[in-house]
């Protein structure tokens, strides 16, 4: 005669498993490899690298501006500390404005080189770089045009200020035309910024449709 076991028989529900291990999270699907392009579209797409020598030339121009900056600074230091001729406040201000002009043009070159390469040629891969410029994270063709227009206005303002400081040696026609050209640049920058604002506001609405 068999004896029944005193231990209760455990019945596991259907929706539970005896295993205490948690199920592994599903692996995200791998992105599909890019499709192979036909020769003509591939050639057209690779033609963007023809712009690379242009940006290399701008880097050379940047080096020339650096050399020009140090030459002007050397002349300024020589005239102030070694020359017997007294440097007036107006002359000193004009030289300093010239140095600022060189720096602003150099900034414009950096913006064109870095932003243009990132926008039109290839990604620079600076997303995790600690020295990535703040404006480069959201740069595109429209933003780049607005920033370039703003930089050109700054350069024009320096030239106009130099003109007014040295106004007594210039005629009224020159002063008038430089002012008109500067205002034209300002209006052009406003028009470019307004156009970019309209384009940026239309893009989200078009993507929702």
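Worth a mention:
- Count of the range 173-191 residues which are under 22 Å from residue 98 (Cα atoms), exposed (fewer than 12 other Cβ atoms within 10 Å of the Cβ) and more than 33 Å from the chain's Cα centre (by Cα): 1
- Which listed residue is modelled with pLDDT under 85 and either under 30 Å from residue 90 (Cα atoms) or surrounded by fewer than 16 Cβ atoms within 10 Å (Cβ to Cβ) (or both), from 170, 144, 161: 170
- Only one entry in 50, 54, 10 is exposed (fewer than 10 other Cβ atoms within 10 Å of the Cβ) and modelled with pLDDT of 85 or more, namely 50.
- Single match in 25, 83 (criterion: modelled with pLDDT under 80, outside any helix (DSSP H, G or I) and loosely packed, with under 10 Cβ neighbours inside 10 Å): 25
The values are calculated or read from the model by the stated rules, or taken from the named source; none is laboratory data. Values in this document were obtained by computation on a predicted structure and should not be read as measured data. As a convention, Cβ positions derive from the backbone with ideal geometry for all residues, glycine included, and neighbour counts pool all protein chains shown.
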